[in-house]
1. Quick one: which of Arg104, Arg143 is among the basic types (Lys, Arg), closer than 21 Å to Glu20 by Cα and surrounded by 22 or more Cβ atoms within 10 Å (Cβ to Cβ)?
2. Could you identify the single residue in Glu138, Glu178, Glu160, Glu185 that is modelled with pLDDT under 90 and either surrounded by 19 or more Cβ atoms within 10 Å (Cβ to Cβ) or of a type in the set (D, E, K, R) (or both)?
3. Pick out the one residue from Thr64, Thr81 that is closer than 22 Å to Leu28 by Cα and either surrounded by 21 or more Cβ atoms within 10 Å (Cβ to Cβ) or of a type in the set (D, E, K, R) (or both).
4. Is there a residue in the stretch 118-140 that is assigned to a helix (DSSP H, G or I), closer than 19 Å to Thr74 by Cα, within 15 Å of the chain's Cα centre (by Cα) and among the aromatic types (Phe, Trp, Tyr)?
5. Out of all the residues in the stretch 40-61, which are surrounded by 13 or more Cβ atoms within 10 Å (Cβ to Cβ) and assigned to a loop (DSSP other than H, G, I, E, B)?
6. Do we have any residue at all in the stretch 85-92 that's within 26 Å of Ile155 (Cα to Cα) and in contact with a strand residue (DSSP E or B) (Cβ under 9 Å, 6 or more places away or on another chain)?
7. Filter the stretch 131-150 for residues that are of a type outside the set (Lys, Arg) and over 27 Å from Lys101 (Cβ atoms) and give the result.
8. Just to be sure, is Ala95 more than 12 Å from the chain's Cα centre (by Cα), part of a helix (DSSP H, G or I) and under 26 Å from Val53 (Cβ atoms)?
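The values are calculated or read from the model by the stated rules, or taken from the named source; none is laboratory data. Since we're looking at a predicted model, the values are computed, not measured. With ideal geometry, Cβ positions are generated from the backbone for all residues, glycine too; neighbour counts draw on all protein chains shown.
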Amino acid sequence: MEKGVDTASMRGAVAYNMHEPSLLVYMLRDDDPEKCSANKLLRFNMLKRVGRVPYRTILLDPYTSIPLLNSDCTNSNLSLTIVDCSWVNARRVFAMLKVLKRRRLPLLLAANPINYAKIAKLSSVEALAAACYILGYEHLAYRLLAKFKWGSTFITLNHELLGEYRRAKSIDDIVRIEHEYSLTEALE
């Protein structure tokens, strides 16, 4: 994987400005608030809490088989929604939500201190940053991660993968990339 992604480049990304998607969180408050990355993003006004998931959003759903593709970014009113809840309740919560577009993130390595280097055990900020990067909002991904000491590590661990996922044109491309990097096998 590529090296050289550092905190300085992340700070430089903060100044970049263009139309950005709305970042939303549906919070169930059943995790430790001190370790919750969504709480920190809320404090910095980088995320908006919603009481109900909008029907016309891209819901980052780990239980769907359809991966997020760059082509999912099709309109100027794009919003991304994450659900912040305990993994114990997650399957039940996601099953209840009614949305038009559910997408799973392609497989990536976590950089957060709790799940460091584990596949698909991303924190809320990692999930949002990965989605932004894949959709072409790389500057926003850097800005989100810059709020965390370990944030630049997420990009360093996944830089090559994120670039390949962003260039993927189809679900088959995503699956091929996951297999090429042996991520699917490591997950099992």
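1. Details: Arg104 fails: surrounded by 22 or more Cβ atoms within 10 Å (Cβ to Cβ).
Selected residue: Arg143, the only one of Arg104, Arg143 that is among the basic types (Lys, Arg), closer than 21 Å to Glu20 by Cα and surrounded by 22 or more Cβ atoms within 10 Å (Cβ to Cβ).
2. Working: Glu138 fails: modelled with pLDDT under 90; Glu178 fails: modelled with pLDDT under 90; Glu160 fails: modelled with pLDDT under 90.
Exactly one of Glu138, Glu178, Glu160, Glu185 is modelled with pLDDT under 90 and either surrounded by 19 or more Cβ atoms within 10 Å (Cβ to Cβ) or of a type in the set (D, E, K, R) (or both), namely Glu185.
3. Numbers: Thr64 fails: either surrounded by 21 or more Cβ atoms within 10 Å (Cβ to Cβ) or of a type in the set (D, E, K, R) (or both).
Selected residue: Thr81, the only one of Thr64, Thr81 that is closer than 22 Å to Leu28 by Cα and either surrounded by 21 or more Cβ atoms within 10 Å (Cβ to Cβ) or of a type in the set (D, E, K, R) (or both).
4. Looking only at the stretch 118-140, we keep the residues that are assigned to a helix (DSSP H, G or I), and these are 124-134, 138-140.
The next check asks that each one be closer than 19 Å to Thr74 by Cα; those that pass are 128-134, 138-140.
Pick out the ones that are also within 15 Å of the chain's Cα centre (by Cα) and you get 128-134, 138-140.
After this cut, where a residue has to be among the aromatic types (Phe, Trp, Tyr) as well, the list is 133.
Scanning the stretch 118-140, I find at least one residue that is assigned to a helix (DSSP H, G or I), closer than 19 Å to Thr74 by Cα, within 15 Å of the chain's Cα centre (by Cα) and among the aromatic types (Phe, Trp, Tyr), so the answer is yes.
5. Within the stretch 40-61, Met46, Leu47, Val50, Val53, Pro54, Thr57, Asp61 qualify.
6. Going residue by residue through the stretch 85-92, those that are within 26 Å of Ile155 (Cα to Cα) are 85-87, 90.
Cutting the leftovers down to in contact with a strand residue (DSSP E or B) (Cβ under 9 Å, 6 or more places away or on another chain) gives us 85, 90.
Within the stretch 85-92, one or more residues are within 26 Å of Ile155 (Cα to Cα) and in contact with a strand residue (DSSP E or B) (Cβ under 9 Å, 6 or more places away or on another chain).
7. So the first thing to find is which residues in the stretch 131-150 are of a type outside the set (Lys, Arg), and the list is 131-142, 144-146, 148, 150.
Across the stretch 131-150, the qualifying residues are Ala146, Phe148, Trp150.
8. Values: more than 12 Å from the chain's Cα centre (by Cα): yes; part of a helix (DSSP H, G or I): yes; under 26 Å from Val53 (Cβ atoms): yes.
It is true that Ala95 is more than 12 Å from the chain's Cα centre (by Cα), part of a helix (DSSP H, G or I) and under 26 Å from Val53 (Cβ atoms).
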